[in-house]
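The values are calculated or read from the model by the stated rules, or taken from the named source; none is laboratory data. Since the model is a prediction, treat every value here as computed from it, not as a measurement. Don't worry about glycine lacking a Cβ; one is built from the backbone with ideal geometry, like all the others, and counts go over all protein chains shown.
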Amino acid sequence: VRRNAGDEEFHQAAQEVLESLGSVVARHPQYLDKALIQRLCEPERQIIFRVPWVDDAGEVRINRGFRVQFNSALGPYKGGLRFHPSVNIGIIKFLGFEQTFKNALSGLPIGGGKGGSDFNPRGRSDDEIMRFCQSFMTELYRHLGEYTDVPAGDIGVGGREIGFLFGQYKRLTNRYEAGAMTGKGLVYGGSRARKEATGYGATYFVNSMLATKSLSFDGRRVVVSGSGNVAIYAMEKIAEFGGKIVACSDSAGYVVDEDGVDLQLVKEIKEVRRERIEEYVRLKGSRARFIQGGSIWDVPCDVAMPSATQNELTGKDAATLVRNGVVAVGEGANMPCTPEAVRAFQDAGILFGPGKAANAGGVATSALEMQQNASRDSWTFDQTEARLAAIMSDIHDRCAETADDYGAPGNYVLGANIASFVRIAEAMDALGVI
Ligand code: NDP
């Protein structure tokens, strides 16, 4: 605890996993040997660096860059970069820890890592973003590589940023090493369906959970928080499955549209204009409302998909959702539900899909991007989405079967934690004390 003093989110994520492991170590006591669990909780490497850059007014700015290379027992470190003013080492460590388990659960040969900066991209010009990304990569590049560490996007890092980061990586290394980064644009080695993958994947996962109770999205009211990459493509797939999205948000507040959220308009506002979600009401008119601040979880719904950020859905929010008759909750974001919220859903018997399972479609498709890069190939959208759908269905079934096997049917948290832990533990055990 002292070693990770102040790293609240990391403690929260680690505690959640460790609480699930009692029955697995009782069955496999060898996992308690050789400090395996302690080693699993200690990142293999943490890199912290200065990122100096010059803004459009000619002023020098300083940010802090991070990369936590958490665990490489199953493959090269893999996980996104987050640019957000709230970023600190504790947040990156929690994300790297989660990522390690998520990647193991995907069944693909990737270890876990995460990185980012406390840089705030909001309101910055394209030139400023480019200069920041170039400076960030000027330090980070020496730690990356297709066999070493492969970053991708996360909050505040989308296609534009990945382009600038990859451009600088290519320039510094003098290598066109496409597999050193994922989330790339299609013309320079990206994968079709990567942009859609996390949101689509989370929706597939929730759909599988619903199917275990002979339910579906069809005709159901759905609330999706956020309006970024994950939220937008979750909404797209939910609509395709017949669900009606009644609310979405950004950090300033939320929009309720009882006619069903107009996704094209959300894409125009967020992906093209890069404006605030509040604009939705002005552009759409009709019955749409914007509520500043407040909790989006007050909006009654059948399915909730928190897809913005960590700890955005509290115990109180969960109680409201349960009262309003929610039947399923799928975490599009990483750890968006507080431990109290997760307990409230489980106590009420609500289907609950934890992020490390439900949002694994993004990283899984990143691994497919690496496969395409390695074979100098480019798959069709349908081929890639079919692989994504199969991976999500496997993840769902693995969690459900593991939960059954350990006497906790329907507990996807336990199933996800145990199934991923066993895979990492087997590899770590085989590789010796390193
Ligand atoms: P984006 O930057 O594209 O979108 C983030 C969205 O969440 C925005 O609407 C943003 O609003 C909102 N948001 C961010 N921070 C806060 C905050 N502190 N309070 C309230 N709202 C906030 O990020 P992504 O969609 O890529 O990521 C969303 C979540 O999904 C994160 O938890 C991420 O780790 C997780 N995830 C992402 C994957 C991916 O492939 N992109 C893969 C797996 C998980 P605003 O614009 O106002 O800041």
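The figures follow:
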quantity: Out of GLY123, GLY107, GLY80, GLY90, sole residue that is in contact (Cβ under 8 Å) with a residue 24 or more places away in the chain, assigned by TED's automatic domain parsing to the domain that holds PHE10, on the phi > 0 side of the Ramachandran plot and not hydrophobic (A, V, I, L, M, F, W, C); calculated: GLY107
quantity: Matching residues in the stretch 148-169 - criterion: being within 13 Å of the ligand (Cβ to nearest atom) and either part of a helix (DSSP H, G or I) or over 17 Å from LYS270 (Cβ atoms) (or both); calculated: PRO151, ALA152, GLY159, ARG160, GLU161, ILE162
quantity: Which listed residue, of VAL281, VAL266, is of a type outside the set (Phe, Trp, Tyr), part of a helix (DSSP H, G or I) and touching a Cys at 6+ places or on another chain (Cβ under 7 Å); calculated: VAL266
quantity: From the options VAL327, VAL342, residue that is touching a residue at least 60 places away in the same chain (Cβ under 8 Å) and in contact with a helix residue (DSSP H, G or I) (Cβ under 7 Å, 6 or more places away or on another chain); calculated: VAL342
quantity: Residue within the stretch 301-310 that is part of a strand (DSSP E or B) and either free of Cβ contacts under 8 Å to residues at least 24 places away in the same chain or closer than 19 Å to GLY362 by Cβ (or both) present; calculated: yes
quantity: Matching helices (runs of 4 or more DSSP H) fully within the stretch 1-81 where at least 3 residues are within 23 Å of the chain's Cα centre (by Cα) and surrounded by 14 or more Cβ atoms within 10 Å (Cβ to Cβ); calculated: 8-19
quantity: Members of the stretch 221-274 found to be within 15 Å of the ligand (Cβ to nearest atom), among the charged types (D, E, K, R) and either touching a Gly at 6+ places or on another chain (Cβ under 6 Å) or within 13 Å of PRO306 (Cα to Cα) (or both), listed by number; calculated: ASP250
quantity: Residue in the stretch 297-310 that is in the same structural domain as ASP218 (by TED's automatic domain parsing), small (Gly, Ala, Ser), away from the ligand (no atom under 15 Å from the Cβ) and buried (at least 24 other Cβ atoms within 10 Å of the Cβ) present; calculated: no
quantity: Odd one out for ILE391, checked against (1) away from the ligand (no atom under 16 Å from the Cβ); (2) in contact with a Ser or Thr (Cβ under 7 Å, 6 or more places away or on another chain); (3) in contact (Cβ under 8 Å) with a residue 60 or more places away in the chain; calculated: (1)
quantity: Residue ID - surrounded by the most Cβ atoms within 10 Å (Cβ to Cβ), chosen from residues in the stretch 170-200 that are of a type in the set (Val, Ile, Thr) and within 16 Å of the ligand (Cβ to nearest atom); calculated: THR198
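This table checks each residue for (1) hydrophobic (A, V, I, L, M, F, W, C); (2) assigned to a loop (DSSP other than H, G, I, E, B); (3) within 17 Å of the chain's Cα centre (by Cα).
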position: THR198; (1), (2), (3): no, no, yes
position: ASN207; (1), (2), (3): no, no, no
position: ILE232; (1), (2), (3): yes, no, yes
position: ILE238; (1), (2), (3): yes, no, no
position: ALA247; (1), (2), (3): yes, no, no
